[in-house]
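Quick note: the coordinates plus some simple rules give every number you see, no bench work behind them. None of these values were measured; they are calculated from a predicted model. When we count neighbours, we look across all protein chains shown, and the Cβ atoms used for this are built from the backbone with ideal geometry, even at glycine.
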Amino acid sequence: MTVSANILITGPPGIGKTTLIKNVCSALGDQQIAGFYTEEIRRDGERRGFELVGLNGERALLSHVDIRSPFRVGKYGVDIDSLDRFLQTLACLEPDTDLVVIDEIGKMECFSAAFRGLAQHALASETPVVASVAQRGGGFIAEVKERWDVRLLDMGWDNRHHLLPQILSQLP
């Protein structure tokens, strides 16, 4: 078995991790890329929640201030059922996938056992993974960062414009 080129991007909120992941996908346009990224839901300039956007065009609600749920991060209720249904639409573990994209391995997503399982399987596969990961967090977040088969890139204001070519050069 060959070692996959698993790249994890961490950094503070708002630094541009999702933008970087979208740019990686754009640069690899003709490859089979599976996975998702997250987008903020805003109203009147205020962040109200997060939506999951699949690279296959699927969308699902991840969290919102109006969701009543036992799963909460700050002011956001997390819709685990919606996340789990969304994950079933992704082709992350298909043999013809060239790259898996996960944005992000964060507190909200980690409430889902299906998400944790998908992330573990993707990272252990021969298919490269590019994922963003929360800067802080224990449990699964810490475990993923400590894997022997990942390269952790810390995104900051000083290096954020240099990471795209670095990532592209490390992918097969």
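At a Förster distance of 35 Å, what's the computed FRET efficiency of His121 paired with Arg160, Cβ-Cβ distance as r, to 0.05? Intermediate values should be presented prior to the final figure.
Values: r = 30 Å, r/R0 = 0.84.
Plugging the Cβ-Cβ distance into 1/(1 + (r/R0)^6) gives 0.75.
Search the structure for amide H atoms under 5 Å from the amide H of Arg48, placed 1.01 Å from N in the peptide plane, and list their residues when 5 or more places away or on another chain.
Result for Arg48 returns Ile41, Arg42, Arg43.
Could you put Glu143, Glu39 in order, starting from the residue whose Cβ has the fewest other Cβ atoms within 10 Å?
Glu143, Glu39
Relative contact order of region 27-153, please, whole-number percent, based on alpha carbon pairs below 8 angstrom and at least 6 residues apart.
Over region 27-153, the number comes to 21 percent.
Report the far tail of the P(r) of region 27-153, meaning the percent of Cα-Cα pairs longer than 20 Å. Numbers along the way, then the final one.
On the way: 3473 of 8001 pairs.
So the pairs more than 20 Å apart make up 43 percent of the total in region 27-153.
Using θ = phi - 60° and the Karplus relation 6.51 cos²θ - 1.76 cosθ + 1.60, list the HN-Hα couplings for region 10-23 in order, rounded to whole Hz, with x at every Gly or Pro.
With the stated coefficients, region 10-23 comes to 10, x, x, x, x, 7, x, 4, 5, 4, 4, 4, 4, 5 Hz.
Report the FRET efficiency, 1/(1 + (r/R0)^6), for Leu171 and Ala114, where r is their Cβ-Cβ distance and R0 is 25 Å, rounded to 0.05. It would help to have the intermediate numbers written out before the result.
Working: r = 26 Å, r/R0 = 1.04.
Step by step, r from the Cβ atoms, then E = 0.45.
Please give the peptides 103-112, 84-93, 66-75, 150-159 ranked by average Cβ packing (other Cβ atoms within 10 Å per residue), highest first, as a rough proxy for protection.
In decreasing order of mean packing, 103-112, 84-93, 66-75, 150-159 become 103-112, 84-93, 150-159, 66-75.
Hey, with R₀ at 30 Å, roughly what FRET efficiency would Asp149 and Asp81 work out to, going by the Cβ-Cβ distance, to 0.05?
0.45
Taking 0.36 nm per intervening residue step and subtracting the Cα-Cα distance, what contour gain separates Ala142 from Arg59 on full extension?
Extra length available between Ala142 and Arg59 comes to 27.1 nm.
Looking only at region 27-153, where both bridge partners belong to it, what percent of the DSSP beta bridges are antiparallel (to the nearest 5)?
Of all bridge pairs located within region 27-153, approximately 65 percent are antiparallel.
By how many degrees, 0 to 90 and rounded to 10, does the Cα axis of helix 113-124 deviate from the longest principal axis of the chain?
Computed tilt is about 10 degrees.
Counting Lys +1, Arg +1, Asp -1, Glu -1, what net charge surrounds Glu51 among other residues with beta carbon under 9 Å of its beta carbon?
Local charge sum for Glu51: -1.
What area, in nm² and to one decimal, does the C-alpha convex hull of region 1-57 cast on average over all directions? Don't skip to the answer; put the middle values down first.
Working: hull surface 22.4 nm².
Across all orientations, region 1-57 yields a mean hull projection of 5.6 nm².
In a shell of Cβ-Cβ distance under 13 Å around Asn6, excluding Asn6 itself, what net charge do Lys and Arg (+1) and Asp and Glu (-1) give?
On the way: positive: Lys145, Arg147, Arg151; negative: Glu126, Glu146, Asp149.
It works out to a net charge of 0.
Give the distance, in whole Å, between the Cα centre of region 2-60 and the Cα centre of region 76-154.
Taking the Cα centre of each part, region 2-60 and region 76-154 sit 12 Å apart.
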